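Engineer: Have a look at this one.
The values are calculated or read from the model by the stated rules, or taken from the named source; none is laboratory data. Here the structure is a predicted model, which is why all the values come from computation and not from measurement. A quick note on method: Cβ atoms are made from the backbone with ideal geometry, for glycine too, and the neighbour counts reach across all protein chains shown.
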Amino acid sequence: MSKSNVQYADFKIERQFQAPISKVFKMFADQQTKELWFKGPNDADTEHTMDFRVGGQEYNRGKFHDGVVHEYRATYYDIIPDNRIIYTYEMYLDNKRISVSVATIEFKEAEGLTKLSLHESGVFLDGLDKPESRKYGSNLLMKALENAINNN
């Protein structure tokens, strides 16, 4: 029998965007708009479905150039338009669960800017994923979000 282990971690990422809250929120709420930034490398063979409502689910699967299949499976628990999104998600590599997380995204207006705060609590399984890797990846997604906001 192999040994299993878990690692727990919390992190918070804050960003400011020069766009109204409604535009930033739409980047999370609308599938076509979210696909502008929430994706893997350009050479990935991907599949994305999204049902943005309380109880709805989102699924993102990509097979990357190295042949590894990455999967994101999320469920939405709380949605207040232009204010807050709370969801859980699991990450998989080649059908093996590597982490389970709960995340909260809050949107606030401040002097014409939108302040976004992402707080995540995760359980990282059997050394297959690491908190620092997740935070790094989340920061890359926030940069991609910023680029999508500025270019659309």
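Engineer: State which residue pairs qualify: first residue touching a residue at least 40 places away in the same chain (Cβ under 8 Å) and surrounded by 14 or more Cβ atoms within 10 Å (Cβ to Cβ) and inside segment 136-152, second residue of a type in the set (A, V, I, L, M, F, W, C) and assigned to a helix (DSSP H, G or I) in any location, beta carbons under 9 Å apart, and separation of 6 or more residues or different chains.
Structural biologist: As it stands, the answer is LEU145/VAL24; LEU145/MET27; LEU145/PHE28; ALA148/MET27; ILE149/VAL24; ILE149/MET27, since those pairs meet every condition given.
Engineer: Residues that are under 24 Å from TYR136 (Cα atoms), surrounded by 14 or more Cβ atoms within 10 Å (Cβ to Cβ) and among the hydroxyl-bearing types (Ser, Thr, Tyr): does segment 8-25 have at least one?
Structural biologist: no
Engineer: Right, another one. Within segment 128-135, does at least one residue satisfy the condition of being among the hydroxyl-bearing types (Ser, Thr, Tyr), in a strand (DSSP E or B) and free of Cβ contacts under 8 Å to residues at least 24 places away in the same chain?
Structural biologist: Among the residues of segment 128-135, not one is among the hydroxyl-bearing types (Ser, Thr, Tyr), in a strand (DSSP E or B) and free of Cβ contacts under 8 Å to residues at least 24 places away in the same chain, which makes the answer no.
Engineer: Wholly within segment 21-114, which strands (runs of 3 or more DSSP E) include no fewer than the required count, namely at least 1 residues that are aromatic (Phe, Trp, Tyr), more than 22 Å from ALA9 (Cβ to Cβ) and in contact with a His (Cβ under 8 Å, 6 or more places away or on another chain)?
Structural biologist: In segment 21-114, the matching strands (runs of 3 or more DSSP E) lie at 57-63.
Engineer: Return yes when ASP94 is without any contact (Cβ under 8 Å) to a residue 24 or more places away in the chain and either among the β-branched types (Val, Ile, Thr) or exposed (fewer than 15 other Cβ atoms within 10 Å of the Cβ) (or both) and no when it is not.
Structural biologist: no
Engineer: Is it true that TYR77 is touching a Gly at 6+ places or on another chain (Cβ under 9 Å), surrounded by fewer than 11 Cβ atoms within 10 Å (Cβ to Cβ) and among the aromatic types (Phe, Trp, Tyr)?
Structural biologist: no
Engineer: Scan (1) charged (D, E, K, R); (2) surrounded by fewer than 18 Cβ atoms within 10 Å (Cβ to Cβ); (3) modelled with pLDDT of 95 or more for the single condition GLU58 breaks and write down its number.
Structural biologist: Only one criterion in (1) charged (D, E, K, R); (2) surrounded by fewer than 18 Cβ atoms within 10 Å (Cβ to Cβ); (3) modelled with pLDDT of 95 or more is unmet by GLU58, namely (2).
Engineer: Among the listed residues ARG97, ARG53, which satisfies the condition of being among the basic types (Lys, Arg), farther than 23 Å from ARG134 by Cα, out of contact with any helix residue (DSSP H, G or I) (no Cβ under 7 Å at 6 or more places or on another chain) and modelled with pLDDT of 95 or more?
Structural biologist: Answer to the selection: ARG53.
Engineer: Another question, if that's okay. Any residue at all in segment 50-69 that's of a type in the set (Ser, Thr, Tyr) and more than 22 Å from VAL6 (Cα to Cα)?
Structural biologist: Checked segment 50-69: at least one residue is of a type in the set (Ser, Thr, Tyr) and more than 22 Å from VAL6 (Cα to Cα).
Engineer: Any idea how many residues of segment 120-152 are within 23 Å of ALA19 (Cα to Cα), in contact with a strand residue (DSSP E or B) (Cβ under 7 Å, 6 or more places away or on another chain) and of a type in the set (D, E, K, R)?
Structural biologist: 1
Engineer: Next up: If GLN31 satisfies every condition in (1) in contact with an Asp or Glu (Cβ under 8 Å, 6 or more places away or on another chain); (2) at pLDDT 95 or above but one, which is the exception?
Structural biologist: Against the list (1) in contact with an Asp or Glu (Cβ under 8 Å, 6 or more places away or on another chain); (2) at pLDDT 95 or above, GLN31 comes up short only on (1).
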